[in-house]
1. Search the stretch 262-291 for residues being open to solvent by 10 Å² or more (accessible area, probe 1.4 Å) and among the hydroxyl-bearing types (Ser, Thr, Tyr), and hand back the single one that is nearest to the chain's Cα centre (by Cα).
2. What residue, among those in the stretch 158-202 that are out of contact with any strand residue (DSSP E or B) (no Cβ under 9 Å at 6 or more places or on another chain) and not in a helix (DSSP H, G or I), is most open to solvent (accessible area, probe 1.4 Å)?
3. Among all residue pairs at least 6 apart or on different chains, which show Cβ distances below 6 Å where the first residue, located in the stretch 267-291, is in contact (Cβ under 8 Å) with a residue 12 or more places away in the chain and the second is of a type in the set (Asp, Glu) and surrounded by 13 or more Cβ atoms within 10 Å (Cβ to Cβ)?
4. Filter the stretch 1-40 for residues that are among the hydroxyl-bearing types (Ser, Thr, Tyr) and part of a strand (DSSP E or B) and give the result.
5. Being surrounded by 14 or more Cβ atoms within 10 Å (Cβ to Cβ), touching an Asp or Glu at 6+ places or on another chain (Cβ under 8 Å) and over 18 Å from ASP200 (Cα atoms): is that true of GLY125 here?
6. If MET107 satisfies all but one of (1) open to solvent by less than 10 Å² (accessible area, probe 1.4 Å); (2) among the aliphatic types (A, V, I, L, M); (3) part of a helix (DSSP H, G or I); (4) free of Cβ contacts under 8 Å to residues at least 40 places away in the same chain, what's the number of the condition it fails?
Amino acid sequence: MEYLVMETFESYAVLLSNDGQFVKAANLNYEVGQTVKEPILMREFYEEKEEPKVKVFRGKKVLTYASIIAAAALFILFFIGLGSRYREQQLLAESSIYIAINPEVRMDLNRNGDVIGVEGLNPDGRDLILDYEIDNPDHIVVAQNLLDRAINKGYLEEGGQVHFSIDASAEEVRALGLELRTTMTDYLEDRLSVTIEITDYNNPPEPEPEPEPEPEPETDSEHRYITLERAKEIALEYVGLSGASVEYDDAEFDIDDGLPLYEIEFEYLDVDYEFLIHAETGQILEFERDD
């Protein structure tokens, strides 16, 4: 019977007989792939029909320790790589929210909308976040915490304004803007009445044009006008309210068809008064009273 050398070890070799059996034999300097006859088997077969007591090797099921270790190492490296990429994504700023009260602060958000950092952009902003730690990274919670600190430090008071400027895509600006306006308004509803303004950081609104200056009374040698305060006194004296505390709705100088005038409007005890007074002579040109 012929045998094919399958594996060799220091003291024995694994052979495959031509009838398909694996057996162990003394290693007589065999080489893998060599064909041998009459090997010295390490255990003789029993009588026919009995199972041989030589150890049968299943070649396809033999795994070396090196293969197992290599596979485990690749598995570990794969998941380490995934974890590293995940951590990088979590720490990468995808958008920012700028908060301006008088303190100016920037919140940086990752792709999940969690706050990964807060920075003060001016001295008051740095004071606002002094010793602040992010316990809950949700951007709404952090914004509420910053508003609380602004109130406690006296930066945000009744009638104040909070300006949120969002640096993100147009779609995110709309979504974050609506969320911030709704949640912050509800959060401050029972505490302070403030104005909340939302803008797109990358598309700021056009500044409002400055109002044109009101015409000033001329003071050259040809025109000597009475003062606005004198015009108010004339109006109050006319209705017998000299020295009374009234609420002025309008009090300004104007020139109508070349005529210099003072327009005086005020309210006293739910009664409205309107005057047109000549700015040169102090003469009352028109008077109306609305009870």
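The values are calculated or read from the model by the stated rules, or taken from the named source; none is laboratory data. Since the model is a prediction, treat every value here as computed from it, not as a measurement. Methodologically, a virtual Cβ is constructed for each residue, glycine included, from the backbone with ideal geometry; neighbour enumeration extends over all protein chains shown. The accessibility values were calculated without ligands, DNA or RNA, using every heavy atom of the protein model including side chains. Shrake-Rupley method; radii C 1.70, N 1.55, O 1.52, S 1.80 Å.
1. TYR268
2. Among residues in the stretch 158-202 that are out of contact with any strand residue (DSSP E or B) (no Cβ under 9 Å at 6 or more places or on another chain) and not in a helix (DSSP H, G or I), the one most open to solvent (accessible area, probe 1.4 Å) is ASP190.
3. What qualifies is GLU274/GLU265; GLU288/GLU274; ASP290/ASP272.
4. Initially, the stretch 1-40 is screened for residues among the hydroxyl-bearing types (Ser, Thr, Tyr), giving 3, 8, 11-12, 17, 30, 35.
Hits for the stretch 1-40 are TYR3, THR8, TYR12, SER17, THR35.
5. Numbers: surrounded by 14 or more Cβ atoms within 10 Å (Cβ to Cβ): yes; touching an Asp or Glu at 6+ places or on another chain (Cβ under 8 Å): yes; over 18 Å from ASP200 (Cα atoms): yes.
So GLY125 fits the description; yes.
6. Every listed condition holds for MET107 apart from (3).
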